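Quick notes on the structure that follows.
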Amino acid sequence: MSDSLLKIENLSASIEDGEILKNVNLEIGKSETHVLLGPNGAGKSTLGNSIMGNPVYTITEGKIIFEGEDITGLSADKRAKKGMFMSFQNPLEVPGLSLESFIRNAIRQQSGKPIKLMQFKKQLEETMELLEIDSSYANRALNVGFSGGEKKKAEILQMLMLSPKFCILDETDSGLDVDAVRIVGKGIQEYQKNTEGSLLIITHNAKILESLRVDYTHIIVKGKIVATGGPELIEEVNKNGFERFEEE
């Protein structure tokens, strides 16, 4: 593994009165792509949200270390400023705030520097074209009236524009048709090729992984990571499901 970017040590997390994650350990190096697989209710999204600092989830034990700094107690917005990003299963609609304005403000908050407007607009236009998003969507309210596929493509657009150090993609391919999966996959490929950032892809659909470089695959069952390997684990799950891992 290359230099460590994110390190999770003995992480346990709960929501309300129920513990979901149990002593999870995970290390992600710079420029690496990790895939997290598991049956429904295994804790996949809980792990992603806990890493990102979602206040709905309570960390009861352990640490989250990002670039050598303990960020366990940091709020989600402060984690975002440090270069962390999460694409959600169900992106929220934000009336009154255009997609373009949202991305521009996010870049300004992350960098702390003024934005060169013409350069930004050119990059936005090129990235929207890559993702086959109609240019008119830049001026539409964020996710309002967007189809499921359009919302997911807008999330990948944000990722490419922000170019974060670390991205969590939480079932970004969920509910997408074949064409949308292809386009989202193309956007993730673009991130892999043109940044030194790392990815944690949470998914149950191996189709989106076919065109991507995967360094490590993790299987999570009942809140615990029970197996770690390479892309061969994806093939095993595709053929046989999670039965072997649930028995361990």
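Quick check on ILE65: is it in contact with a Lys or Arg (Cβ under 6 Å, 6 or more places away or on another chain), under 23 Å from ASP170 (Cα atoms) and among the β-branched types (Val, Ile, Thr)? Against the criterion (in contact with a Lys or Arg (Cβ under 6 Å, 6 or more places away or on another chain), under 23 Å from ASP170 (Cα atoms) and among the β-branched types (Val, Ile, Thr)), ILE65 qualifies. Of the residues screened, ASN23 is one that is open to solvent by 50 Å² or more (accessible area, probe 1.4 Å), more than 20 Å from the chain's Cα centre (by Cα) and of a type outside the set (Gly, Ala, Ser). Going through region 61-83 one residue at a time, which ones are touching a Leu at 6+ places or on another chain (Cβ under 9 Å) and assigned to a strand (DSSP E or B)? Scanning region 61-83 gives GLU61, GLY62, LYS63, ILE64, ILE65, PHE66.
Checking the structure you have, find out if any residue of region 60-80 is under 21 Å from LEU124 (Cβ atoms) and within 20 Å of the chain's Cα centre (by Cα). Looking for residues that are under 21 Å from LEU124 (Cβ atoms) and within 20 Å of the chain's Cα centre (by Cα), one finds at least one in region 60-80, hence yes. Determine if region 33-51 includes at least one residue that is at pLDDT 95 or above, open to solvent by less than 30 Å² (accessible area, probe 1.4 Å), closer than 30 Å to GLU247 by Cα and in contact with a Lys or Arg (Cβ under 7 Å, 6 or more places away or on another chain). There is at least one residue in region 33-51 that is at pLDDT 95 or above, open to solvent by less than 30 Å² (accessible area, probe 1.4 Å), closer than 30 Å to GLU247 by Cα and in contact with a Lys or Arg (Cβ under 7 Å, 6 or more places away or on another chain). Condition test on ILE202, is it within 27 Å of GLU19 (Cβ to Cβ), modelled with pLDDT of 90 or more, open to solvent by less than 50 Å² (accessible area, probe 1.4 Å) and touching an Asp or Glu at 6+ places or on another chain (Cβ under 7 Å)? Considered against the rule, which asks whether it is within 27 Å of GLU19 (Cβ to Cβ), modelled with pLDDT of 90 or more, open to solvent by less than 50 Å² (accessible area, probe 1.4 Å) and touching an Asp or Glu at 6+ places or on another chain (Cβ under 7 Å), ILE202 comes out as yes.
Scanning region 104-125 for residues that are open to solvent by 60 Å² or more (accessible area, probe 1.4 Å) and in a loop (DSSP other than H, G, I, E, B) yields GLY112, LYS113, PRO114, LYS116. If you go through region 235-246 and keep only what is closer than 13 Å to PRO39 by Cα and either outside any loop (DSSP other than H, G, I, E, B) or at pLDDT 95 or above (or both), you end up with VAL237, ASN238, ASN240, GLU243, ARG244, PHE245, GLU246. Answer yes or no: is there a residue in region 179-195 that is open to solvent by 10 Å² or more (accessible area, probe 1.4 Å) and touching a strand residue (DSSP E or B) at 6+ places or on another chain (Cβ under 7 Å). For region 179-195, residues open to solvent by 10 Å² or more (accessible area, probe 1.4 Å) and touching a strand residue (DSSP E or B) at 6+ places or on another chain (Cβ under 7 Å): present. Go through region 205-234 and give me each residue that's part of a loop (DSSP other than H, G, I, E, B) and of a type outside the set (S, T, N, Q). If the condition is that a residue be part of a loop (DSSP other than H, G, I, E, B) and of a type outside the set (S, T, N, Q), then GLU210, LEU212, ARG213, VAL214, ASP215, LYS222, GLY223, GLY230, PRO231 are the ones that fit. On the given criteria, is THR58 of a type outside the set (Gly, Ala, Ser) and touching a Lys or Arg at 6+ places or on another chain (Cβ under 6 Å)? So THR58 does not fit the description; no. The sole residue among MET128, MET161, MET86 that is open to solvent by less than 40 Å² (accessible area, probe 1.4 Å) and either outside any helix (DSSP H, G or I) or at positive phi (or both) is MET86. Taking the criterion of being over 15 Å from THR72 (Cα atoms) and not in a loop (DSSP other than H, G, I, E, B), the residues of region 28-51 that qualify are ILE28, GLY29, THR33, HIS34, VAL35, LEU36, LEU37, LYS44, SER45. Could you please tell me which pairs satisfy a Cβ distance under 7 Å, a separation of 6+ or placement on different chains, a first residue in region 106-132 that is over 12 Å from MET161 (Cβ atoms), and a second residue that is of a type outside the set (Asp, Glu)? Every condition considered, the pairs that remain are GLN109/LYS81; GLU132/ILE183. Sub-7 Å Cβ pairs linking a first residue in region 33-54 that is free of Cβ contacts under 8 Å to residues at least 60 places away in the same chain to a second residue that is open to solvent by less than 10 Å² (accessible area, probe 1.4 Å) and hydrophobic (A, V, I, L, M, F, W, C), at least 6 apart or interchain, are SER50/LEU11; SER50/ALA13; SER50/LEU21, ordered by first then second residue.
The values are calculated or read from the model by the stated rules, or taken from the named source; none is laboratory data. Bear in mind that the values here come from a model prediction, so they are computed numbers and not experimental data. No Cβ is skipped: glycine too gets one built from the backbone with ideal geometry, and neighbour counts run over all protein chains shown. All accessible areas refer to the heavy atoms of the entire protein, side chains included, with ligands and DNA or RNA removed. Shrake-Rupley method; radii C 1.70, N 1.55, O 1.52, S 1.80 Å.
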